[in-house]
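Notes to accompany the following structure.
The values are calculated or read from the model by the stated rules, or taken from the named source; none is laboratory data. Fair warning: this is a prediction, and the values are worked out from it, not measured in the lab. Cβ placement follows ideal geometry from the backbone for every residue including glycine, while neighbour counts extend to all protein chains displayed. Areas reflect the complete protein model, heavy atoms only, side chains present, ligands, DNA and RNA absent. Shrake-Rupley method; radii C 1.70, N 1.55, O 1.52, S 1.80 Å.
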Amino acid sequence: MSTNLAGTASSINHKMTVVEADGNYLQPFETNDLDIYSGESYSVLLKTNQDSSQNYWISLGVRGREPQTPPALTILNYRTTSASRLPLSPPPVTPRWDDYAHSKAFSNKIKALDHKSIPKPSPTYHRRIVLLNTQNKMNGYTKWSINNVSLSLPATPYLGSIRFGLQNAFDQTKPPEGFPGHYDIMKPPVNSNTTTGNGVYMLGYYSTVDVILQNANVLKENVSEIHPWHLHGHDFWLLGYGEGKFTKSDEKKLNLKNPPYRNTAVIFPYGWTALRFVADNPGVWAFHCHIEPHLHMGMGVVFAEGVQHVAKIPKEAISCGVTGKKFMTGSHLG
């Protein structure tokens, strides 16, 4: 979504100063509008320094997909003026839905404030996982898939399955760490069919992990969509964005000086986004597109780390599937 906060017809605008994203402070910067994708949060400061005898429109419009509805409107009301008084100026116009240059310019302004409240980014990584976002078909239905695997969650909660060694509760096949180097991200997938899976990326406890989110063309020609990816249980350093297919030479473009500390990151059409995080939170964590239908259509992966360090697991957390049948009536919980 894109939020526009505008002023009068004479173009005297209310500027927003962005100071925080996903719970972490940023280097403040001014903007007339900001892109907010599903799963993201921002804090902004606003100076009410315009003509207090007037009210002002706030407009909320769709970004990333051609809108089928008009922008949502509300009013910025100065206390001395009736809230029912309509603004004299027309509502601000949302940037065109596919103006990705506008979105990228906003995203590239987001830098961490300092390292007093957040940790410094790790200078190196232990493991790099490349996740190719594609669209595929399965049994006639459109699915989203990652490295040609569409996530289908098992009935048994992962935490209990891993903690108690129940290998029949989910796919023990290691999910792919990347995709073939010859894959053309600018064209629809050659193999339009996907497979389903629910394997887990087992991460070394306290290891540093890089994730490269790689976007590509979907089943339809000349279409690649924006996706906001959200990581549970962690914040990550958002190291940067790039065009086309990520290569070794792109590493020099990564921001290790002041990358923002986020829990949600966007991938732009036909581009890549680089993340780095430390696997220091014992448990099993989802990493997925925060557009809910995309998650249910398979656009996600699962990370696990330090599961044996988890304290006693509540019964409610393993009351389904194999763990429910095996442990709910016994004394095997630990």
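Between Tyr100, Tyr158, Tyr270, the residue with the greatest mean-square fluctuation in the GNM of the chain (Cα pairs under 10 Å linked by springs) is Tyr100. Cross-link partners among aspartates and glutamates for Lys248, C-alpha distance below 16 Å, same-chain residues fewer than 8 apart left out? Straight-distance partners of Lys248: Glu177, Asp210. Magnitude of the charge dipole for the chain, about its Cα centre and with charges confined to Cβ atoms of Lys, Arg (+1) and Asp, Glu (-1), is about 440 debye. Given labels modelled 7 Å from the Cα in the Cβ direction, how far is it in nm from Asp250 to Asn24? Placing both labels 7 Å along Cα→Cβ, they lie 2.0 nm apart.
Take each peptide in 312-319, 28-35, count the other Cβ atoms within 10 Å of every residue, and average; sorted highest first, the result is 28-35, 312-319.
Leaving out ligands, DNA and RNA, what percent of the accessible area of the chain is carbon and sulfur, probe 1.4 Å? With neighbouring chains kept in place, the figure for the chain is 55 percent.
Here's the list of lysines a cross-link from Lys253 could span, going by alpha-carbon distance under 28 Å and ignoring same-chain residues fewer than 8 apart: Lys104, Lys109, Lys111, Lys116, Lys120, Lys187, Lys245. Computed about its Cα centre, the charge dipole of region 209-334 is approximately 260 debye, with only Lys, Arg, Asp and Glu carrying charge at their Cβ.
With contributions of -39500 (n - 2.57) from each DSSP H run of at least four residues, the per-residue ellipticity at 222 nm computed over the chain stands at -2000 deg cm²/dmol. Dipole of region 48-143 computed with +1 at Lys/Arg Cβ and -1 at Asp/Glu Cβ about the Cα centre; of Val62, Asn139, Pro91, farthest Cα towards the positive end is Asn139. Ligands, DNA and RNA are left out, and with a 1.4 angstrom probe the accessible area of the chain is 49 Å² per residue. The phi torsions of region 221-226, fed into the Karplus equation with coefficients 6.51, -1.76 and 1.60 and a -60° offset, translate into couplings of 4, 6, 9, 9, 10, 6 Hz, rounded to whole numbers, with Gly and Pro shown as x. Between Ser319 and Asn32, the simple label model (points 7 Å from Cα in the Cβ direction) yields a spacing of 5.3 nm. Summarising the amide proton neighbourhood of Leu132: residues at separation of 5 or more, or on other chains, whose placed amide H is nearer than 5 Å comprise Asn147, Gln214. In terms of Cα to Cα distance under 28 Å, which lysines are near enough to Lys325, apart from those fewer than 8 places away along the same chain? Output for Lys325: Lys174, Lys312, Lys315.
Around the amide H of Gln27, modelled in the peptide plane, lie the amide H atoms of Lys111, Ala112, Leu113, all under 5 Å away and 5 or more residues distant in sequence or on another chain. Packing, as the average of other Cβ atoms within 10 Å across residues, places the peptides 164-173, 88-97, 291-300 in the order 291-300, 88-97, 164-173, highest first.
Ordering Pro154, Gly23, Leu213 by Cα displacement along the dipole of the chain toward the positive end leaves Pro154 in first place; charges were set at the Cβ atoms of Lys, Arg (+1) and Asp, Glu (-1). Across region 21-26, computed HN-Hα scalar couplings (Karplus, 6.51 cos²θ - 1.76 cosθ + 1.60, θ = phi - 60°) run 9, 6, x, 10, 5, 10 Hz from first to last residue, x flagging Gly and Pro. If you run the Gaussian network model on the chain, springs between alpha carbon atoms under 10 Å, then out of Val62, Val266, Val301 the most flexible one is Val62.
Quickly work out the Lys104-to-Lys326 label distance, labels modelled 7 Å from Cα along the C-beta direction, and quote it in nm with one decimal. Label at Lys326, label at Lys104, 4.8 nm between them.
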